[in-house]
1. Where Rh denotes the Kirkwood radius from the mean inverse Cα pair distance, what is Rg over Rh for the chain?
2. With each pseudo-label sitting 7 Å past Cα toward Cβ, what's the Asn3-Lys54 distance in nm, one decimal?
3. How long is the gain from Gln220 to Arg137 if the chain were fully straight, where each residue apart is worth 0.36 nm and the alpha carbon distance is subtracted?
4. Which three extents, in angstrom, do the Cα atoms of the stretch 1-100 have along their principal axes, listed largest first?
5. Can you give the charge dipole size of the chain about its Cα centre, rounded to the nearest 20 debye, using +1 on the beta carbon of Lys and Arg and -1 on the beta carbon of Asp and Glu?
6. Calculate the FRET efficiency for Leu85 and Ala28 from the Cβ-Cβ distance with a Förster distance of 22 Å, rounded to the nearest 0.05.
7. Using Cα-Cα distances under 8 Å and only pairs 6 or more residues apart, what relative contact order does the chain have, in percent?
8. Taking the Cβ of each residue in Tyr101, Tyr209, Tyr4, Tyr165 as the centre, tally the other Cβ atoms inside 10 Å and list the residues starting with the fewest.
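Values quoted throughout were computed directly from the atomic coordinates according to the rules given, and no laboratory measurement underlies them. From a predicted model like this one, the values you see are computed outputs, not experimental measurements. Ideal geometry is used to build each Cβ from the backbone, glycine not excepted, and the neighbour counts take in all protein chains shown.
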Amino acid sequence: MRNYFIAGNWKMHKTVSESVALAKDLVAKLGDCNEKLMIAPAFTALAAVSEAVKGSKILLGAQNMGPEEQGAHTGEVSVFMLKDLGVKVVILGHSERRHSYHESDELINKKVRLALQHGLEVILCVGETLEEREGGRLETVCKTQVEKGLAGVAAAELGKVTIAYEPVWAIGTGKTATPEDADAVHAYIRKVLAGLYGESSAKAMCIQYGGSVKADNAAQLMQKPNIDGALVGGASLKPETFVPIAKFR
Ligand code: 13P
């Protein structure tokens, strides 16, 4: 059976106590879920949520990470600090980081390599804007973000890498890519991965879809052959919307 990876990106939402309450509720309600699960609270809530998910099957994720190991980098959070709190997965290259904070492919790649070097799993986000899609640049954009994001990453490290295809126009807009549309882009990304690492490595890789995933579209998306999971934003903030996505089958 395919192993799906359902992840919640809480973005800049929730205080520590709100985060703990949600995490505890999810632990209680998802104990019988067979998918791979992750939640990524804000940095400020990582320590408390780490305690709340301890012993459960929910992995602790972080939403970003500094590109250096340590030093004079005001405002950054290092890979060691994340690992110290029990973080297992880090989301890198999210479009909100790329577009609002001008993170380049080179910077994202530095973070990807650093996270992998220290044993963290990585979710590398890629995806085109509406303008890029309408201008016929969807494939070029996704190919460049995958290739540059994974530069220097060895085939042996791919087991710790998930790609999340998140079309920017579908994030937080209520507009989901159709399952057919999303699957076609996932297939293309897999082709790019095959070009880099060979067919069998590409086939084994997990490619999540993200962008307005909800309980009522999750199953249809997940039925597609190239969609291996979901990276969920808004709907991950409440048990009543996240649990049905995680239990889509
Ligand atoms: P929404 O599910 O709110 O569209 O956000 C998707 C996302 O950006 C997850 O990282």
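1. Working: Rg = 16.8 Å, Rh = 17.9 Å.
Rg/Rh: 0.93.
2. For the pair Asn3/Lys54, the computed spacing is 2.5 nm.
3. Values: separation 83, 0.36 × 83 = 29.88 nm, distance 2.62 nm.
Between Gln220 and Arg137, full extension yields an extra 27.3 nm.
4. 44, 31, 23
5. With Lys and Arg at +1 and Asp and Glu at -1, about 560 debye.
6. Working: r = 22 Å, r/R0 = 0.99.
Once rounded, the FRET efficiency stands at 0.50.
7. Details: 466 pairs, mean separation 50.1, N = 249.
Normalised by residue count, the contact order of the chain is 20 percent.
8. Details: Tyr101 10, Tyr209 32, Tyr4 21, Tyr165 27.
Ascending number of Cβ neighbours within 10 Å: Tyr101, Tyr4, Tyr165, Tyr209.
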